[in-house]
């Protein structure tokens, strides 16, 4: 069973992702702000991170940067999931080390495709 860290502060999206990912057979870890996202990633070593950009305490770009700069977490794929879909937002996501970018609203198939791409089971 793979572990997926969902970093999101919007309850509705947390519920949707949590239910979908569990139904697909994954263990789900939830972080509702950027600071706890970094520490939860270091503690739990997830196989994949779904990361929003607009978050309390530390934005998603800073979270991604922190994970990619840390030797113990830099191998973990980080997929931005955000409604911020301007070219500069997406470019910045890749510039700070993001592996992929998913624009909200997303479909279950898009989530499934991302998981297949980054988690080899």
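Key figures for this structure:
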read-out: Length released on extending from residue 35 to residue 22, taking residue separation times 0.36 nm less the Cα-Cα span; value: 2.3 nm
read-out: Chain lengthening between residue 9 and residue 95 when straightened (0.36 nm per residue, less Cα-Cα); value: 28.7 nm
read-out: Cα gyration tensor, the stretch 1-52 - rounded (a/c under 1.5), prolate or oblate; value: oblate
read-out: Label-zone membership for the stretch 41-60, site residue 86, 7 angstrom Cα→C-beta point, backbone N under 18 Å; value: 53-55, 59-60
read-out: Among [x] 2, 12, 25, 27, 22, 10, 2, 0; [y] 2, 12, 22, 25, 20, 11, 4, 2, 1, 0, 0; [z] 2, 9, 18, 17, 13, 10, 7, 5, 4, 4, 3, 2, 2, 1, 1, 1, 0, 0, 0, 0, the entry derived from the coordinates for P(r) over Cα pairs in 5 Å bins from 0, in percent; value: [x]
read-out: Estimated distance in nm for a label pair at residue 75 and residue 1, the labels positioned 7 Å out from Cα along Cα-to-Cβ; value: 2.2 nm
read-out: Computed [θ] at 222 nm, helices only, for the chain once each DSSP H run of length n ≥ 4 contributes -39500 (n - 2.57); value: -13500 deg cm²/dmol
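Every number here is computed from the coordinates shown, using simple stated rules; none is lab data. Here the structure is a predicted model, which is why all the values come from computation and not from measurement. Neighbour counts run over all protein chains shown; Cβ positions are idealised from the backbone, glycine included.
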